[in-house]
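Notes to accompany the following structure.
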Amino acid sequence: MTTLLDREEELAALRARLEQDNSLSLIYGPRRAGKTFLLQHLLSEHSDAIYFLADETTSAAQLRRFHAQVGSSDRGGPAWNALKTEDWGQLLDILFENETGTDAPLILVLDEIQYLLEQEASLASILQRIVDQHRHRNRFHLILSGSALGTLSALGDAGQPLHGRLDLRLKVNPFDFPEAALFAPRWSKTDRLRLYGVFGGIARHLAEIREDQDLAANACRAILSPMGPLHEAPLDMLRVERLSSRAEAEAVLSSIAQGENRFNAIAARGNLPSSRLDYVLKELQALEIIERETRFGDRQGSRMARYRCRDPFVEFWFRLVQPNRSALQGTSPERIWSERIAERLDGHMGLVFERIVAQALQRGLLQDSLGPLDELGSWWSRDGRTQIDLMARFGDSLLLVECKWRADKNAPSGALAQLKDHAGRLPMPKNIRHIRFAIASAGRLPRPKKTDPDPPILIGLSDLLPKNRLK
């Protein structure tokens, strides 16, 4: 089994539950984020565990497959194989009561359980009864896992059968930049940033990276090539979701990737009426494919909002791969990369770099000097004249950050003056006593002037790549 990268906390939480007499755990997150891989590492330590992967077939067909799978495990045997039942409740009751003659508790994993819940409406209630009846009688660990974010995240909510019964609720999120950079630790710092901008943070996508090849070769082989494993990955993602219109979802994602991030601009580019666009946007938000961002200091429901793809890979694909798919049928991926993508990659990396800097601030980059981070966001004016890349509040201090993706170049000398000019037109939040400025750059940072009474905070690549994690 290949190395499990940066899921130590999740694995430790699951191991801790398995040390108890019994437990009910829920693992959920976006598709391809690494849930099944995490479970495989956990179960490699427990050879007698039962792992069942549900699919989209009927409930009866899944029950028969589950019965056969248990029969071939250490928990099965002649008596189990002789069972004749088409009732999930009865079958699970027998499994949980079955004595194996060993000291090991029953470990049962139901993966992609949303398919079972769709086909067997009473399954959540059945699991509630099973847990309640056997919690104090038998040793067991029941792990539910799946990718239907809305369905799975609500399993333990008030009014749901499993409310109050979950011992662990674990969401497996896509990797942030520092974790993604672990997939190519020997690449240059700027190429590790570009890696995140191209492959994003989905574990399954990052697993395609070959460190002995450069970024261009990896992108051409895995993404641009029509035979590449990720060539249609965003479309595959949409195909497996329960969307009202996949074509409209594609149109919305394409519009956002091309820079149309406001509601009216997306509607115009995608030729969608407002009511339909509102519905499609909410669908994509629920699936965590896109996110709705309001301005720093505004209410969550503010109409001054913009939309972004949550994962850089999706934005890269719809911005730079989708428009070239026809050309890729008759032209080599290497030529498309060099002539059509490489020169536009820096334009794509601008917003990606802002995201990377924001992640560093959320992880406590300036906590030692400024204190705990209370709020983080961006700010823009209606007329587009004023733009603050990042605003961060630390108590009564406000930090304004200008992010400059200028890899291997000097950060512009006028960046600080431009930031202060924009700050002068900014409606200042209440209870702010101190204002600080910062310049973040992927290139060479400007030297602070000795005569400057309030020099800016400088954020460079060494700050974004923690020394204790990456060299």
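The values are calculated or read from the model by the stated rules, or taken from the named source; none is laboratory data. Keep in mind it's a predicted model, so treat the numbers as computed, not measured. Positions of Cβ are generated from backbone atoms using ideal geometry, with glycine treated the same way; all protein chains shown enter the neighbour counts.
I'd like to check something: does region 178-186 contain any residue that is touching a Leu at 6+ places or on another chain (Cβ under 9 Å), surrounded by 22 or more Cβ atoms within 10 Å (Cβ to Cβ) and at positive phi?
No - not one qualifying residue is present in region 178-186.
Among the residues of region 166-176, is any modelled with pLDDT of 90 or more, crowded, with 16+ Cβ neighbours inside 10 Å, aromatic (Phe, Trp, Tyr) and under 22 Å from Leu238 (Cα atoms)?
Scanning region 166-176, I find at least one residue that is modelled with pLDDT of 90 or more, crowded, with 16+ Cβ neighbours inside 10 Å, aromatic (Phe, Trp, Tyr) and under 22 Å from Leu238 (Cα atoms), so the answer is yes.
Can you tell me how many residues in region 87-121 are of a type in the set (D, E, K, R) and closer than 21 Å to Gln133 by Cα? If you could, list the steps in order and put the result at the bottom.
Going through region 87-121, the residues of a type in the set (D, E, K, R) turn out to be 87, 93, 97, 99, 103, 111-112, 118, 120.
Retained after the next criterion (residues that are closer than 21 Å to Gln133 by Cα): 87, 93, 97, 99, 103, 120.
Going through region 87-121 one residue at a time, the tally reaches 6.
Do you know which residues across region 124-144 are over 18 Å from Val70 (Cα atoms) and under 29 Å from the mean Cα position of the chain (by Cα)?
Ala124
Being at pLDDT below 95 and β-branched (Val, Ile, Thr) is the filter; apply it to region 183-206 and report the residue that is farthest from Ile223 (Cα to Cα).
Restricting to residues being at pLDDT below 95 and β-branched (Val, Ile, Thr), the top hit is Thr190.
Six or more apart or on different chains, Cβ under 8 Å: which pairs go from a residue in region 231-259 that's touching a residue at least 12 places away in the same chain (Cβ under 8 Å) and farther than 13 Å from Glu283 by Cβ to one that's acidic (Asp, Glu) and surrounded by fewer than 19 Cβ atoms within 10 Å (Cβ to Cβ)? Could you list them?
Listed by first residue and then by second, the contacts come to Leu235/Glu250.
Could you identify the single residue in Glu293, Glu343, Glu315 that is modelled with pLDDT of 95 or more and surrounded by fewer than 21 Cβ atoms within 10 Å (Cβ to Cβ)?
Matching residue, one of Glu293, Glu343, Glu315: Glu293.
For Ala180, work out the one condition from (1) modelled with pLDDT of 90 or more; (2) part of a helix (DSSP H, G or I); (3) within 26 Å of the chain's Cα centre (by Cα); (4) over 29 Å from Glu45 (Cα atoms) it doesn't fulfil.
(4)
Taking only region 195-216 into account, find how many residues are without any contact (Cβ under 8 Å) to a residue 60 or more places away in the chain and part of a helix (DSSP H, G or I).
Residues meeting the conditions: 3.
Restricting to region 287-328, what's the tally of residues that are within 13 Å of the chain's Cα centre (by Cα) and of a type outside the set (A, V, I, L, M)?
7
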